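The values are calculated or read from the model by the stated rules, or taken from the named source; none is laboratory data. Treat the numbers as computed from the prediction; the structure is a model and nothing was measured. Glycine gets a Cβ as well: all are built from the backbone with ideal geometry, and neighbour counts include every protein chain shown. Please note that ligands, DNA and RNA were not included when accessible areas were found on the heavy atoms of the full protein model with its side chains. Shrake-Rupley method; radii C 1.70, N 1.55, O 1.52, S 1.80 Å.
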Number of protein chains: 2
Amino acid sequence: MSAASVLSSVYEGTRESNGVIQALLTDLYQITMAYAYWKSGKMDDRAIFDLFFRRNPFQGEFTLFAGLEECVKLLQNFRFSESDISYLRKVLPPHVEDEFFQYLSNMTANAVTLSAVDEGTVVFPKVPMITIEGPLAVVQLLETPLLNLINYASLVATNAMRFRLAAGQDKVLLEFGLRRAQGPDGGLSASRYCYMGGFDGTSNVLAGKMFGIPVKGTHAHAFVTSYRDLREVKCRNLFRKDNLEKVDFIDLCLVWQQKLSSILNFLVDQVSEGELAAFICYAQAFPDQMLALIDTYDVIKSGLPNFCTVAMALHELGYKPRGIRLDSGDLSYLSREVRKVFKLVANSFDVPWFERLTIVASNDINEDTIHSLNTQGHDIDCFGIGTHLVTCQKQPALGCVFKLVEVNDKPRMKLSEDVEKVTIPGRKKAYRLYGHDGTALVDLMLQPSEDPPSLGQRFLCRHPTMESKRAYVVPAEVQPLHHEYWKNGEVIRDLPNLTELRKKASKSLQTLRQDHKRTLNPTPYKVSVSSNLYTFIHDLWLESTPIGELC
Amino acid sequence: MSAASVLSSVYEGTRESNGVIQALLTDLYQITMAYAYWKSGKMDDRAIFDLFFRRNPFQGEFTLFAGLEECVKLLQNFRFSESDISYLRKVLPPHVEDEFFQYLSNMTANAVTLSAVDEGTVVFPKVPMITIEGPLAVVQLLETPLLNLINYASLVATNAMRFRLAAGQDKVLLEFGLRRAQGPDGGLSASRYCYMGGFDGTSNVLAGKMFGIPVKGTHAHAFVTSYRDLREVKCRNLFRKDNLEKVDFIDLCLVWQQKLSSILNFLVDQVSEGELAAFICYAQAFPDQMLALIDTYDVIKSGLPNFCTVAMALHELGYKPRGIRLDSGDLSYLSREVRKVFKLVANSFDVPWFERLTIVASNDINEDTIHSLNTQGHDIDCFGIGTHLVTCQKQPALGCVFKLVEVNDKPRMKLSEDVEKVTIPGRKKAYRLYGHDGTALVDLMLQPSEDPPSLGQRFLCRHPTMESKRAYVVPAEVQPLHHEYWKNGEVIRDLPNLTELRKKASKSLQTLRQDHKRTLNPTPYKVSVSSNLYTFIHDLWLESTPIGELC
């Protein structure tokens, strides 16, 4: 491409101008199958697919369901453009009939029904997160985009939720992952779904603008290294907050530096003058939001003294600084040392709030780091988390699958040598049963004709594949898990906003017993089927097993 | 959000309508720093930042540089919209001056110069992939989007290159990762940069349309399970290829089933009739492209016999099927069994090409799987790779950093207790020195005033930090690594298209010695500095070291 023509071509991105992903963002085999279905007159067979996963991520025992709103919008906008059709004509063999391309260009998802668990609900293996019903060729085409929209959203939301559990409710969690995400859109999804999973904010400004997520951030090491000495502070002044009297802020800082050096026991000629200059400039710009990154040179000998110097000068002018950030070193040790110094300053100058200044930590933190910091002890108030959160380093993919379970009212089942991989065929209803204390006891799938369990009555819940595993459950509450979201070409159930989803997610997690949530050897939450469904599955399984096999 | 209003809001995605990412896709601290620079009159200080990484990914010793074109386009389009400014007014404190927002709304990257290694070049730690020079506040704002665009692109391109090295040049490699990528855009980036790294095609149709990548795919398990028996094959016919004579294709298949059952030793009543029906329908749709997924039920007892049945019937009508895909089980064993059967059919019916039918494998394959298959022996011609490729499971983030190295002609350096983390300050020139056989010997960084090494003359190359590591190199070729791509508001160097970049990448990799490329304990490629630059770094280092420290 010549330099001049870089931008001459029309961009066709992953999303249409309304932000919904393009129908063509799919695997080619969905198109070739659509043609084969069409060719054999099977395209309108009534099919049901279940979207589910087989194992919770991160060696945990829960998953947060996220991404549904984007799926519903996909259905609402599902259409192949003229240029899509032209492209497909080039890709498919020349014998493919015009009528097929006509069929594709008229295709919508209006004959499709999408039922799903509410977004922001904790979900478990085997229970469909989404069930989608409609003309075989259409629902087949939806497989790839639906998986794409659910897989990462649910994975990263679950990851965020695990960080929240590790850090505890009283810590502030910020997502800083944009630079390490899978491109621009990956970064935006990460911000959105981490907030849903329980984070408090993001550094990603566009995510703030688009989704109303609180945005946070102060400055980088480069800001500090860009200053060499105090001569670079071009304006020396700051106004006193109450009476706007102009004060020489540099002089004031130097006075405080002297006062503090004996109390904090630092050497004035060992602190970095460039760092002090940077903090002064940052304080002049954000006198009431001063949060300084103090590890560019040496936390104890330079960064912390410089911060205290500027913070006390701000205090004298009536401002209240925020705190500091640590981005390297031993976070347990350093955070406690910092807190000690804050306490010392607070006591020495009778500024009690100084002791409670915020300590942010942000150095390549993962879930295990937080658990380890908890064990060692630390004084961190806020974690800024990037790479490990957004890339889900511990397990970078959730294995959601999309399985055909019924065609024209006849159940379908893919056999597998691995019993865990056998799908649960046919249309199903799913409920979550709760105990008297509001704790989730078990998820239960039934055949469509069956009545849900009655409150206060015992109901036999069976393991889907293991004969001997069964138990009576007496539910105090029975909650249907699936709701129709899209039917007859319309969105028929409200899609809550992100803040509502975030609250919902937190509430949903609270219904889980602690032992399902712990990091080490969590107890699997039980997913069960009714006796009728159990028999149905196993009869069908037997029927599909080749003669002569030892089942 | 109510159901009706789902799509009422204007979408503001990560990219503008021309596909370039938005200026607001950045970390908030870039904006707060911009304000602090502006406030202290430092925003136009002339700054130089280097973008580089410190360690190659995947425990390897090379990285493929990718993502440059998107960076150049970012600069070309870098602008804050009115609605961005309105949003920033809400986010920043109320005291922030109107003049600052005016400054932001007039901001462009026209005063920025971007130099870079050519995209599609193999690169190494510490050598800047991109050097960007311009007004401090502007180049600081570019940090996050540049890192976002380079990090994943280079990581996944490198991963693809490693899969190519593992599989060998004669295998076909297809990228199947869309459903497991970080959302739609992540999937598209994966397809684009895997192709650059040496893959032959993708399943991602939109990537095919946008970037001209060959798209590949046949059918899924659902296609097979959607058929129960031969009665579902609504049209029985297929036309003979040469004379278009209509033939009952089902009958023909059943004849071939009988013929083959004795030769291949399978039981007609043990093959799945639904699977046979599915293969027949697929063959009717794609008689010259028939590639069947044969592991839905049982590869040996059902899938393979059914494929051979339909394939020989197609052959009788003058068509040539493509082959089979295996998506589960022991790929080494199964691929060899399949090849044996292909050979047997080829010999029994004198159809020599049958032996060379394509065997595709696609079951959760990673780099180690391919190495293990190579060791065990296999007969796979083509690998379809998804999750592990696009999520880069082995290491899901490349740690690119963006470091300030110079302000107003004065070098800058962030100290670190970890010597490997010390940055190389100041403006630098970089060259790659080659030997007589075209092998890359060493990368060499010089001070701007220094002349590059002369051909055939010895030049002392020094390790950037370790005193004792040095060697004379006599280059047969000296290649400048950096070129200006963006200057004075214009793209000034051609941006090759994806196919050219793919060729370039493959050539660049060929210049590396085999021991740098091997999987187990690869030899690190040497990155060096001139004696002058070495002295410069170490003098500056000493100068920045606090008094009283044992360096």
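A compact table of results
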| read-out | value |
| --- | --- |
| Nearest-20 debye value, the protein assembly as shown charge dipole, Cβ charges on Lys, Arg, Asp, Glu | 720 |
| Nearest-0.05 FRET efficiency for residue A:288 and residue B:494, computed from C-beta distance (R0 41 Å) | 0.25 |
| Heavy atoms of residue B:531: accessible area, 1.4 Å probe, square angstrom to 10 | 40 |
| Cα-based Rg / Dmax (Å) for the stretch B:202-273 | 17.5, 49 |
| 7 Å along Cα→Cβ, label-point gaps from residue B:246 to other copies, nm, shortest first | 9.7 |
| Å² per residue, accessible surface of the protein assembly as shown at 1.4 Å | 37 |
| Rounded percent of accessible protein surface that carbon and sulfur make up, the stretch B:218-380, 1.4 Å probe | 48 |
| Surface share of carbon and sulfur [accessible, 1.4 angstrom probe, percent] for the stretch B:25-162 | 46 |
| Shielding by partners, peptide A:149-155 (average Cβ within 10 angstrom, other chains) | 4 |
| Value of [θ]222 nm, deg cm²/dmol, for the protein assembly as shown, DSSP H segments ≥ 4, -39500 (n - 2.57) each, nearest 500 | -11500 deg cm²/dmol |
| Percentage of interatomic Cα-Cα distances in the stretch B:378-439 larger than 14 Å | 77 |
| Where Cα atoms sit under 26 Å apart: lysine pairs in the stretch A:218-380 separated by 8 or more or lying on different chains | 18 |
| Candidates per trypsin sites (Lys or Arg not before Pro) in the stretch B:368-468, loop by DSSP, up to 12 other Cβ within 10 Å | B:458 |
| Rough spin-label spacing in nm, given labels placed 7 Å along Cα→Cβ, for residue A:265 and residue B:375 | 5.6 |
| Total formal charge among the other residues, if their Cβ is under 12 angstrom from that of residue A:532, Lys/Arg +1 and Asp/Glu -1 | 0 |
| Average Cα contact separation per residue, chain A, under 8 Å, 6 or more apart, as relative contact order % | 18 |
| Added length on full extension, which subtracts the Cα-Cα distance from 0.36 nm per residue, residue B:455 to residue B:409 | 13.5 nm |
| Rg ratio (alpha-carbon, reference 2.2 N^0.38 Å) - the stretch A:361-515 | 1.38 |
| 3J(HN,Hα) from dihedral phi, the stretch B:358-373, Karplus parametrisation 6.51/-1.76/1.60, rounded to Hz, x for glycine, proline | 6, 10, 9, 10, 8, 9, 6, 7, 10, 4, 5, 4, 5, 4, 5, 5 |
| Cα pair count fraction exceeding 61 Å, expressed as % - the protein assembly as shown | 14 |
| Subset of A:209/B:90; A:171/A:209; A:42/A:414 violating a 21 Å alpha-carbon distance limit | A:171/A:209 |
| Net charge dipole size for the stretch A:218-380 [Lys, Arg +1 and Asp, Glu -1 on Cβ; Debye, nearest 20] | 440 |
| Shielding score for A:387-394, defined as the mean number of other chain Cβ atoms within 10 Å | 4 |
| Fraction of beta bridges assigned by DSSP in chain A that are antiparallel (%, nearest 5) | 70 |
| Solvent-accessible area of residue A:368 with every protein chain in place, 1.4 Å probe, in Å² to the nearest 10 | 80 |
| Gain in span if fully extended, residue B:340 to residue B:172, counting 0.36 nm per residue against the direct Cα distance | 58.4 nm |
| Cβ-vector label at 7 Å, residue A:507, separations to other copies in nm | 6.2 |
| 3J(HN,Hα) from dihedral phi, the stretch A:526-540, Karplus parametrisation 6.51/-1.76/1.60, rounded to Hz, x for glycine, proline | 8, 10, 9, 10, 6, 4, 4, 5, 4, 4, 4, 4, 6, 5, 5 |
| Stokes-Einstein diffusion coefficient of chain B, Kirkwood radius over Cα pairs, 25 °C, 0.890 mPa s, in µm²/s | 91 |
| Rounded to the nearest 20 debye, dipole of the stretch B:17-125 from Cβ charges on Lys, Arg, Asp, Glu | 240 |
| Surrounding net charge for residue B:502, when Lys and Arg each add one and Asp and Glu each subtract one, Cβ distance under 14 Å | -1 |
| Over the stretch B:124-194, relative contact order from alpha-carbon pairs under 8 Å, at least 6 apart, % | 30 |
| Label-point gap, in nm, between residue B:235 and residue A:330 - each point 7 angstrom along Cα→Cβ | 7.6 |
| Kirkwood Rh, angstrom, the stretch B:302-342 [1 / mean 1/r, Cα pairs] | 11.0 |
| Shielding by other protein chains, B:201-212, mean Cβ within 10 Å | 6 |
| Whole-number D in µm² s⁻¹ for the stretch A:29-141, Kirkwood Cα-pair radius fed into Stokes-Einstein, 25 °C, 0.890 mPa s | 155 |
| Selected from B:479, B:433, B:445, residue furthest toward positive end of dipole (the stretch B:375-511; charges at beta carbon) | B:445 |
| Radius, Kirkwood style, for the stretch B:218-380 when every pair of distinct Cα atoms is counted (Å) | 15.9 |
| Summed buried accessible area for A+B [probe radius 1.4 Å, Å², rounded to 100] | 11000 |
| Label geometry 7 Å along the beta-carbon vector: residue A:531 inter-copy distances in nm | 9.2 |
